[in-house]
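> Got a structure for you, questions after.
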Amino acid sequence: MEKNTHQKAFQDLEDAINRAVIGQEHVATTLLLSLLTNGNVLLEGLPGTAKTRSVKSLARCLDATLGRIQFTPDLLPSDVTGNEVYQEVEGKQMLQFQEGPVFNNIVLADEINRAPAKVQAALLEAMEERTVTVAGQSYKLPPLFMVLATQNPIEQEGTYPLPEAQMDRFMMKTNVDYPDDAAEEDIIRLVRGEEAGKSAEEPRFSQDIVFAARKEVAATTVSKNIDQYIVALIMATRDPARHKDSRLKDWIRVGSSPRASIALDKCSRAAAWLAGRDYVTPDDVRGVAHAVLRHRLILSYDAMAESVTTDAVIDEILKLVTAA
C-alpha cells in the first residue's frame, strides 16, 4: 500500500534521526511510535550510547522546544515544575508562577532514577495528566508533550528505583546497547565530519503533522481477532498457570495492568500506520510487545536466580500465545 503524505513525512523523520544517531534504528522507531500514541518513553542504556542525542535530534526535526532536566539526589519538585516567585508588577508585589523545564514539548529526564520520590511524583502528574499543580493551581502543559527518560542499568549506587506505578506510565521502554563494529566506524566518521562543519542538513517538520498523523492512527482498523490476541498476551502475564506446560508461573510474580493492553493496542496501530497500512496484523502486535511489556512485568525470585530476563519471558509468551 502506498504511503500517504503524513506517513512519508514520518519516514523522513525516522531517516533523519537514523542519520544523526547511527546503529540505534530501534530507538528511532520507538520514539516515533510513542510520539504517534501520545506516550512517554524510558530509554535504558550505558553512558555514551546516544540516548540524549536521539532525543535532541527528534526535537530539532520537529521544531519542538526541548527541556532537559539532569536528575540528581538534591533535586526539588519545583526544579522540575516551576514555582511561584515574588515579582513587582506596576509597583505592586505579587506572586507569579514561573514555569519550570517540564513546560516544553519534549522533556528529557536524564538519569531519572537519581531523583528522590517527591521529584518523581511531580513528574508523574505531568506524564499522566498533562498538567502541573503548584500551590493548588493547575497549569496545562503544551498540546505536544512527551517525557523521554534515561537511566543507567549498571550504576545503582545513589539511585532511587522507579516505583511500579511510574514505570507503568511509560508507553514503551527500549534498551539501548553498544553499536556493532561497522556502526562504530560510521560514528567516528560522523563526529569527525561534524567537527569539520560537514553536518547533514536536518529536515524540519511542523507539529501539525503529528496531530494529523495521530488522527489517522486512531482510525486504523483493528479486528476482533487482534483484540483477542492482545488480551490473551496480557492474560498470560497475569495468569501464567493457564499455560501448564510452560515455566511462566515460576517466572512471573506480578503481571501487566490494563495499561499494557491499551498500550499494545495503540502501539500496534501506530506500527501498522508507519508500515503504510490501515489495518493491524499479528506481526504488528508482536513487533511492539517487548517494548510495551518489558517494564510492566515483575519477575519472581526463581527467575532472577536463573538469570531469566523479562525479554526472555516475553519471548516465551509470544511462543505460547498464537493469534486466531
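> Across segment 73-105, what is the number of residues that are surrounded by 11 or more Cβ atoms within 10 Å (Cβ to Cβ), among the hydroxyl-bearing types (Ser, Thr, Tyr) and more than 23 Å from the chain's Cα centre (by Cα)?
Count: 1.
> Residue check: is PRO258 of a type outside the set (A, V, I, L, M) and buried (at least 18 other Cβ atoms within 10 Å of the Cβ)?
no
Residue by residue, here is whether (1) in contact with a His (Cβ under 8 Å, 6 or more places away or on another chain); (2) modelled with pLDDT of 90 or more holds:
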| position | (1), (2) |
| --- | --- |
| GLN120 | no, no |
| LEU123 | no, no |
| LYS140 | no, yes |
| PHE170 | yes, yes |
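> Next up: Residues of segment 266-288 being in a loop (DSSP other than H, G, I, E, B) and of a type in the set (Lys, Arg), which ones?
ARG277
> I need the full set of residues from segment 201-226 which are in contact (Cβ under 8 Å) with a residue 60 or more places away in the chain, in contact with a helix residue (DSSP H, G or I) (Cβ under 7 Å, 6 or more places away or on another chain) and open to solvent by less than 70 Å² (accessible area, probe 1.4 Å), in order please.
Across segment 201-226, the qualifying residues are GLU202, PRO203, PHE205, ILE209, VAL210, ALA212, ALA213, ARG214, GLU216, VAL217, THR220, ILE226.
> Hey, another quick one. Just to be sure I understand the filter: pairs with C-beta atoms under 7 Å, separated by 6 or more residues or on different chains, first member in segment 99-124 and on the phi > 0 side of the Ramachandran plot, second member crowded, with 21+ Cβ neighbours inside 10 Å. Which pairs pass?
GLU111/PHE71; GLU111/THR150; GLU111/GLN151
> Residue by residue through segment 118-156, note down the ones that are touching a strand residue (DSSP E or B) at 6+ places or on another chain (Cβ under 8 Å), open to solvent by 60 Å² or more (accessible area, probe 1.4 Å) and not in a strand (DSSP E or B).
ALA135
> Same structure, new question: When the residues of segment 10-35 are filtered to those that are within 11 Å of the chain's Cα centre (by Cα) and crowded, with 24+ Cβ neighbours inside 10 Å, which remaining residue is modelled with the lowest pLDDT?
My answer is VAL27.
> Only one of ASP239, ASP250 is of a type outside the set (Phe, Trp, Tyr), in contact with a helix residue (DSSP H, G or I) (Cβ under 6 Å, 6 or more places away or on another chain) and open to solvent by 50 Å² or more (accessible area, probe 1.4 Å); which?
Step by step, each of ASP239, ASP250 is checked, and only ASP250 is of a type outside the set (Phe, Trp, Tyr), in contact with a helix residue (DSSP H, G or I) (Cβ under 6 Å, 6 or more places away or on another chain) and open to solvent by 50 Å² or more (accessible area, probe 1.4 Å).
> If you check LEU66 against the conditions, is it surrounded by 14 or more Cβ atoms within 10 Å (Cβ to Cβ), farther than 23 Å from ALA165 by Cα and hydrophobic (A, V, I, L, M, F, W, C)?
The answer is yes for LEU66.
> Give the residue, chosen from VAL321, VAL285, that is modelled with pLDDT of 95 or more and either out of contact with any Gly (no Cβ under 6 Å at 6 or more places or on another chain) or open to solvent by less than 50 Å² (accessible area, probe 1.4 Å) (or both).
VAL285
> Going through LYS51, LYS56 one at a time, which residue ends up being within 16 Å of the chain's Cα centre (by Cα), open to solvent by less than 40 Å² (accessible area, probe 1.4 Å) and at pLDDT below 90?
LYS51
The values are calculated or read from the model by the stated rules, or taken from the named source; none is laboratory data. Keep in mind the model is a prediction, meaning the values are calculated, not measured. Reconstructed Cβ throughout: ideal geometry from the backbone, glycine too, with neighbour counts over all protein chains shown. To get the accessible areas, we keep the full protein, side chains included, count just its heavy atoms, and leave off ligands, DNA and RNA. Shrake-Rupley method; radii C 1.70, N 1.55, O 1.52, S 1.80 Å.
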